[in-house]
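Reading through the structure tokens given below for one structure.
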Amino acid sequence: PHIDKLGSTRWFRTKQKIRDSIVTLAGDLIRLYASRSVAKGWRFEPMGAEDERFADGFPFDETPDQLKAIEETIQDLSLDKPMDRLVCGDVGFGKTEVAMRAAFKCFQHARQVAVLVPTTILVEQHKKSFVERFAGYPAKIAAVSRFYSHAENQKTLESRSEEHTSELQSP
């Protein structure tokens, strides 16, 4: 990268380009959120007995923050608008379980779920975790990553959910 001298003409031009791009991005975000605010999403049923049964399969005690994230996520899913929720936290604090509970809710409605993760190793870990947690349910769990051949990844991406099943993909 080119290093500019503070106060130089080039420095001011660079700052102005960045300001302009931020204004453009902000406008794009405002338009996106305006369209999402009027869009209709799929409305899932609130938590029920089957959700409780799935939750009972979690081998650990939920933390208060984890329970709050799960409840808020399921509540978001029960609204008839597209969901925007980011769950973030340190490693080992239960974000995967929050994702699994949301995926299970989608599974109940025969919807397909994609879980995006930042590393290839995490794809495999999540795939294993999802397979274990969804054992006993007719869910198809698959993964997409560089660990699989192009043909395997393509087959996973092209597969269709069958009636009363849902597919989990972790690209």
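For residues that are open to solvent by 60 Å² or more (accessible area, probe 1.4 Å) and either modelled with pLDDT under 90 or touching a helix residue (DSSP H, G or I) at 6+ places or on another chain (Cβ under 8 Å) (or both), tally how many sit in segment 39-55. Even if it seems obvious, please write down each step before you answer.
Narrowing segment 39-55 to residues open to solvent by 60 Å² or more (accessible area, probe 1.4 Å): 40, 42-43, 45-47, 49-50, 52-53.
Restricting the remaining residues to those that are either modelled with pLDDT under 90 or touching a helix residue (DSSP H, G or I) at 6+ places or on another chain (Cβ under 8 Å) (or both) gives 40, 42-43, 45-47, 50.
Of the residues in segment 39-55, 7 are open to solvent by 60 Å² or more (accessible area, probe 1.4 Å) and either modelled with pLDDT under 90 or touching a helix residue (DSSP H, G or I) at 6+ places or on another chain (Cβ under 8 Å) (or both).
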statement: Scanning segment 97-119 for residues that are at negative phi and open to solvent by 30 Å² or more (accessible area, probe 1.4 Å) gives A99, Q108, H109, R111, Q112, A114, L116, P118, T119
- request: Would you check which residues across segment 24-68 are among the charged types (D, E, K, R) and not in a helix (DSSP H, G or I) and list them?
  value: K40, R43, E45, D61, E62
field: Residues being surrounded by 10 or more Cβ atoms within 10 Å (Cβ to Cβ) and touching a residue at least 12 places away in the same chain (Cβ under 8 Å) - total across segment 1-38
entry: 1
task: Mind counting the residues in segment 75-91 that are in contact with a helix residue (DSSP H, G or I) (Cβ under 6 Å, 6 or more places away or on another chain) and either open to solvent by less than 30 Å² (accessible area, probe 1.4 Å) or over 30 Å from V38 (Cβ atoms) (or both)?
output: 2
query: Checking G94 against (1) touching a residue at least 40 places away in the same chain (Cβ under 8 Å); (2) surrounded by 15 or more Cβ atoms within 10 Å (Cβ to Cβ); (3) not hydrophobic (A, V, I, L, M, F, W, C), which single condition isn't satisfied?
result: (1)
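The values are calculated or read from the model by the stated rules, or taken from the named source; none is laboratory data. Remember, it's a predicted structure, so these values are computed and weren't measured experimentally. Cβ sites come from the backbone with ideal geometry, for glycine too, and all protein chains shown count toward neighbours. These area figures cover heavy atoms from the full protein model, side chains too; ligands, DNA and RNA do not enter into them. Shrake-Rupley method; radii C 1.70, N 1.55, O 1.52, S 1.80 Å.
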